[in-house]
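Enquirer: First the structure, which I've put down as structure tokens, then a few questions once you've had a look.
Every read-out reported here was derived from the displayed coordinates using simple, explicitly stated rules and does not represent laboratory data. Remember, it's a predicted structure, so these values are computed and weren't measured experimentally.
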Amino acid sequence: MGNQEKRGILLLIICLAFYFFYHVRVILLPFILAILLAYLINPLVEELIDRGQPRIGALIFIFGLFITIFSFILITFLPAIIDELDVLAHRLPDYAMRLESLIDKVNIKYQRIDLPDTVTTILDKSINRLEENTLEFIQKTSGVLLGLLSRMFSLIMAPILAFYLLKDLEVIKEFLWSLIPKRRKKGIKVLLGRVDRSLFGFFKGQLLVSLLVAILSTIGLYLLNIKFYLIIGIIVGIFNIVPYFGPILGALPAVIIASFSSSKLVLMVVLLFFAIQQIEGGVIAPKIMGEEVGLHPIVIIFSLLAGGELLGIIGMLIAVPIAAIIKELLRYIIYELLISVDNR
């Protein structure tokens, strides 16, 4: 079989794999999360192994420690979160009505001003669109929360799958390495090194930055006496992982809830999140973030939209690292193709 036929078969296999994974994407989430979790935990496991611990002992210690910390956090904060969710679910219809009334008042005020017909038409359309989108956002908030709860199976399965991945990691690596032709191993090793440098710095830095932003947001909202400050603080931290859109989406619930109290409180909330973003961008992120993934903003935005379309909110959270992996894969494939052309 010639090289051309081999490339054709390889391309066909890749296309079939993409087709298969696209159609089973709904069940892929726990496996993707497990791979990411195993990737982040593995350096700790290797550190303990280097100090003389057996792999299984290192895994039991690390997972036991994480379960203990997670259980403590749940016991400490879960009752308050459940109470806030219960109150929020009961107040959502009232918030929707109050927001509609607020938008109507703004509409009446500007109609008293003698504005050109063109400006009036634009304002009418803008206010109607704002009303529709904002009400839809509020009404769907409970749906989003329920959607996250429905993903609990994936969140529970991910650590279990990650444990087994790490337990048999050396066997898996040996098997995958045996599938690679000897002449390709050097290039694959370089590729994996690039992906590792790009991703580990991103994950380590972004998760820590998001945790600090969540803490600052929760404290700030508590001091401003914003209702549901704990839930909003968690939402801000989660969305902060998403570039560009994340900080805006995270701050929006706090701004909406503040708008039911006073315009002064809205201004205070906006200033709070502006200050947090300045602290993050000027102090926290530069000191914590590792190497960037090296993606153009257009590529990042496209990957976020694609991830959201395929896997919802969690898809947006994992979109950037997956895009970084695809970038390195494409770079490797193009490099290999150019070498094969030059060698002819």
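Enquirer: Pull out the extension gain between HIS90 and HIS23, defined as 0.36 nm times the separation in residues minus the alpha carbon to alpha carbon distance; nm, one decimal. Provide the component values of the computation, followed by the final result.
Expert: Details: separation 67, 0.36 × 67 = 24.12 nm, distance 3.74 nm.
Answer, rounded to one decimal: 20.4 nm.
Enquirer: Indicate the gyration tensor shape class of the range 11-82 (rounded, prolate or oblate), computed on the Cα atoms with a ≥ b ≥ c the square roots of the eigenvalues: a/c under 1.5 is rounded; otherwise a/b larger than b/c is prolate and the rest oblate. Walk me through the intermediate numbers first.
Expert: Working: a/c = 4.54, a/b = 1.38, b/c = 3.28.
Here the range 11-82 falls in the oblate category.
Enquirer: Please work out the C-alpha center-to-center distance from the range 202-216 to the range 161-201 and express it in whole Å.
Expert: What the calculation gives is 27 Å, centre to centre.
Enquirer: Spelling out what I want: for every residue of the range 304-318, take phi, set θ = phi - 60°, compute 6.51 cos²θ - 1.76 cosθ + 1.60 (Karplus), and round to whole Hz; glycine and proline get x.
Expert: Each residue's phi maps through the Karplus curve to give 5, 5, 5, x, x, 5, 7, 10, x, 4, 5, x, 5, 5, 9 Hz.
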